[in-house]
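Nothing in this text is a laboratory measurement; each read-out follows from the coordinates by a stated rule. Quick caveat, the model's predicted, so the values are computed rather than measured. Cβ atoms come from the backbone with ideal geometry, glycine included; neighbour counts cover every protein chain shown.
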């Protein structure tokens, strides 16, 4: 049986906690120091097992350090320490007391090596210890681990722990763990029948696989019951899968929206076929990289704020480049939209190569602040924090842009200039300045997108190339000159893509979406939200 | 003799000169490569022949694009797709010619199918062992695609950037499709390792020279077709649809049919260019469908001068020659040079090199004529004066 | 670091200019030219630029040692710009115009396929440094990267034996290397008794960046009660978003380990690896390997590139081995003539960076150790397993029906890249 080693082991600990077990034989420090003698992973495993068997919570920090690769042996006297810090000298800490012992050169220490198998064993061992932990959250985690990895031999321990449990939530968790374990045990059918009901109520993927596993050995009434339970869980699962797909679609759509929304201004509103748009996104991502690099070397405590700092800088940098681009090149090309394609294509080549020359051709590391890492669950929806923030950020950018366009005097001037340039000029609007500021705004928004995309994609000179075509599709699909079109277009394409993907695969799904766009444009030659009126024909 | 024939058919002198020049190159380059001793100063090395042959096919592609963009106002960002489809049709023929010389020695199936455990040749690969069939497909597949695509798009009156973007969507979708190994076109690797064409070794210098000459002839024919179309009544309609589509429609013409015809002819020309390209470079793969490639074709045409017949040819030769030279000489910096060139051309030569030159010459001629007229006027005005004055 | 980069670039620019002016008056007799055919722009520049720099370093070091045959080596760098037909054009230019003695280059399979006919026609030499799908052996090409049996098969063995994996996700980018590797692995796994329903195969397009659905599918597939692992042949660019998604959806190496064949130190340099600790990669070299030769190589690399944070990786080692093999073969033959080098290089054995020797085999593949490493927090790999001896690159896989009977041996008298042992003839099924 898989995981037999670690789990039996975890169970031994649990048993020891339940009061069935043996007394300590060797002092802890001696066992810990024996890590120095371990020649291979198997020997290390034995020592971990021995440590776990003590049932002493003091071993938890040792095991955790081992799992994280922070447990080292001092070569001179074979003493084992937890180390911290980076660089050539490391701080060494006593593994059991947690006191600082001093400093040691990296070369004088050798790391105790771990692999996945060991990490798994350590996790289970710590988990087993945690079933008796004073912290209810740790007990709940331990119970959950036991649901995912049920083992019949852990039943007595769970039941013992359940008797002592006072926290109702943890108790419920342990009840489920018990039910999961019963399904793989030799208990009588009546208990199993109860367990099926309890497991079916969990309705997760784990529960389903447990039931499916049990189905093979079930007979008679139990078989019928388990079939019904499976059907039920599958139904619940399919609803959640649908919801999950909508979420994925929204998240993809928001990425498209971010990438396209700057283009909706430069291309949609101003009519410039801006092939350098992707490079503005890339510049935003590189600004994030530079900001993080400076923070890493001079102010590491600011790291969680790095994106917040990068946002205005990316906006200003990309905006400034956009401004220069408009003043230097594009203003000579108004009225010749197709020529702007050529010039901005040239600019995009230059920007790409410039970034490649300055930052090198390889990917650059942009880290995620701690508040953007990981995921949380709503029911059975797994929502990753970074995706959630990107969705929210895309919505915020869109809202601000809408506000700027519709509620500020700059927005008014901008709309006036795009709708009737000569009349606007006659009314005293400085059209060249408005043009430049509009282009800078579009580019700046692309820079903002770059900050967000640096969290999910490569930060390399090719970053922009990956988004430029999709961005054009979104803007054209939504209807040139209309921000709402871009918004609806991005989300529609995102969700359509994600609903097609499970059936058609990632590639075919994308092809189908493209074909759909082509056909859609035949039906509505000016996109989803066409501008009406005589201005469009001009 | 040729020029006489062409002149009888009502072609301008400049066009005739171009055709003669292309055909002369089509003869001179291969001859110099095959006949002259390598140490001879006029000897053209084989790699230059291969290179120039490739440029000629690019020139034909640019000319095809110019027919729809320069003369008909349809900016296609998907012409690379027609080029690639023609290339794939030729590539499939060349693959079938490999026969048992593939690494696995399978007489029917190409190597990539063998090692992916395909059991039999897919239906759409049948017939490509025949040269004539492949040649029909070279024209038919891009032509049909353009016809169907254009039929829907032009009748729905999709114009301007919308049309450009959906042509881009088309080539992008095709690229993704051809990248799929399940399609049976060799996936990312495409078709390669060709052995011979019509029984001649594709790697032999003589074959290369013949392919070069064929490309030159194809380009010359392309020039004639373009010149004949644009010079005819139909050509006037194309320009009319470009400049004032609604007005043309109100005059009782059907601009969508004009566009559809031009688009289809252009796609066939692009397909032929692709078919000539493949045996000369030795590979066809989905990268040719990449939207960036199609944009590059637009760039060549613009650099040379759209709306002229010589412009796209000059543009394709110049930009690609520059690319080949720069990537060897300035491997780290050539993109700056290329990008800078595009910006420069748009800003300072908005009509492209040929267009600007034509304007310049035209202006000088006008100026000279104006001067002449002035002189004559002055002379005629001066004549009576002596009478009255002295 | 950026300052230095600019400086080298300026130096390179002036060198390039100087070179272009010097072409007319080149003293071709004084130097031996070596071509470097790696993309410096376009999508593959990410991976290939490093290899160009590595080659320049190796050539510089060789020149310090006095060059080859008493002549200095001269690098000829061109940029094929990730454009496959341009690879063929540039290869032709290098051999025909620049008359290089050997070319070191290519990364993707398609670029190799594109230049193959050129090398065959002009009788040039190509050293190809990247792990690839096998199913090829060409007289003019030396494959110094891993064949599938030097990377994929041992990695699967490791997962099966040590991690006890019973359920497999084979995830790859849709191109020939993953397709072939997965075909081989599928046949191999089934021969080891893995049921077809315990294998999930998934292909994604190049540069795929939205991995939400696929990672969730992997998670679901992995919760069927059997230990599951992912064998990833996902191509370079798509890996960063893939790993970011894995980390965020909380797939830990202890639960579902991912073993990758295209992820090395260079790819990890663009990632925060803390959440990825324990995921695996199989290579023939890791920067973390503790040998004197490797320490020397890394120091030389850092000194050459002027940046301590730049990493070394497996294809760089392949170039190191290939270059030294070429040097030794040329010295042995006493000439750079391709035919003589092709004859003399088989059997040449040079030190690799992992403490042993690699030898060129008659099939133009080399012997290598296979190492399995786990990703560490610092972006390096820690070796957790290695083969006891060297593994010979197997060009024709035994797990594909049509390639099983084929072998390659470029020594006289056989001198054949696809000799069929069943028919006893050269040329696949040997019909002609």
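Summary of computed values
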{"item": "Cβ-based exposure ranking for C:114, A:203, B:39, C:415, in which fewest neighbours within 10 Å come first", "result": "B:39, C:415, A:203, C:114"}
{"item": "Helix-only [θ]222 nm of chain B, DSSP H runs n ≥ 4, -39500 (n - 2.57) each, per residue, nearest 500", "result": "-24500 deg cm²/dmol"}
{"item": "Among C:175, C:128, C:285, residue whose mean-square fluctuation peaks in a GNM of chain C (springs only between Cα atoms under 10 Å)", "result": "C:175"}
{"item": "Share of Cα-Cα pairs in the protein assembly as shown lying beyond 62 Å, as whole percent", "result": "18"}
{"item": "Most fluctuating residue given options C:384, C:68, C:231, as computed from a GNM of chain C linking Cα atoms under 10 Å", "result": "C:384"}
{"item": "Helix-only CD estimate at 222 nm, as mean residue ellipticity for chain C, using -39500 (n - 2.57) per DSSP H run (n ≥ 4)", "result": "-11500 deg cm²/dmol"}
{"item": "Inter-label distance, nm, simple model (7 Å from Cα along the C-beta direction), residue A:58/residue A:101", "result": "1.5"}
{"item": "Two-decimal Rg/Rh across region A:347-433, once Rg and the Kirkwood Rh are taken from alpha-carbon atoms", "result": "1.21"}
{"item": "For peptides B:236-245, B:263-272, sequence by mean Cβ density within 10 Å, most packed first", "result": "B:263-272, B:236-245"}
{"item": "Chain C: antiparallel DSSP beta bridges as a percent of all, rounded to 5", "result": "40"}
{"item": "Relative exposure of C:106, B:72, judged by other C-beta atoms within 10 Å (fewest first)", "result": "B:72, C:106"}
{"item": "Shielding score for B:288-296, defined as the mean number of other chain Cβ atoms within 10 Å", "result": "3"}
{"item": "Cα point-scatterer Debye curve for region A:241-537, base-10 log of I(q)/I(0) at q = 0.09, 0.10, 0.13 Å⁻¹", "result": "-0.44, -0.54, -0.92"}
{"item": "10 Å-binned pair-distance histogram of region A:329-486 (Cα, whole percent)", "result": "8, 28, 33, 21, 8, 1, 0"}
{"item": "Shape category assigned to region C:340-414 from the gyration tensor of Cα positions, a/c cut at 1.5", "result": "oblate"}
{"item": "Antiparallel DSSP beta bridges within the protein assembly as shown, percent to nearest 5", "result": "55"}
{"item": "Whole-Å semi-axes of region B:2-378's equivalent ellipsoid (Cα gyration tensor)", "result": "37, 27, 19"}
{"item": "Binned Cα-Cα distances of region A:23-166, short to long, each 10 Å bin given as a whole percent", "result": "11, 39, 32, 15, 4, 0"}
{"item": "Rg(Cα)/(2.2 N^0.38 Å) for region C:122-169, N = residue count", "result": "1.59"}
{"item": "Angstrom value of the Kirkwood radius, inverse mean 1/r, which spans all Cα pairs in region A:410-449", "result": "10.3"}
{"item": "Ascending count of other beta-carbon atoms within 10 Å, so fewest first, for A:427, B:95, C:57, B:175", "result": "A:427, C:57, B:175, B:95"}
{"item": "Average partner coverage of A:121-129, which counts Cβ from other chains inside 10 Å", "result": "1"}
{"item": "Globularity index of chain C, i.e. its alpha-carbon radius of gyration over 2.2 N^0.38 Å", "result": "0.98"}
{"item": "Most mobile of C:196, C:315, C:154 in a GNM of chain C (Cα contacts under 10 Å)", "result": "C:196"}
{"item": "Whole-number D in µm²/s for region A:139-218 (Stokes-Einstein; Kirkwood sum over Cα pairs; 25 °C, 0.890 mPa s)", "result": "199"}
{"item": "Peptide A:473-481 - average C-beta neighbours from other chains (10 Å radius)", "result": "3"}
{"item": "Largest-first principal axis extents, alpha carbons of chain A, Å", "result": "94, 67, 37"}
{"item": "Over chain A: helical MRE at 222 nm, DSSP H runs n ≥ 4 each giving -39500 (n - 2.57), nearest 500", "result": "-22000 deg cm²/dmol"}
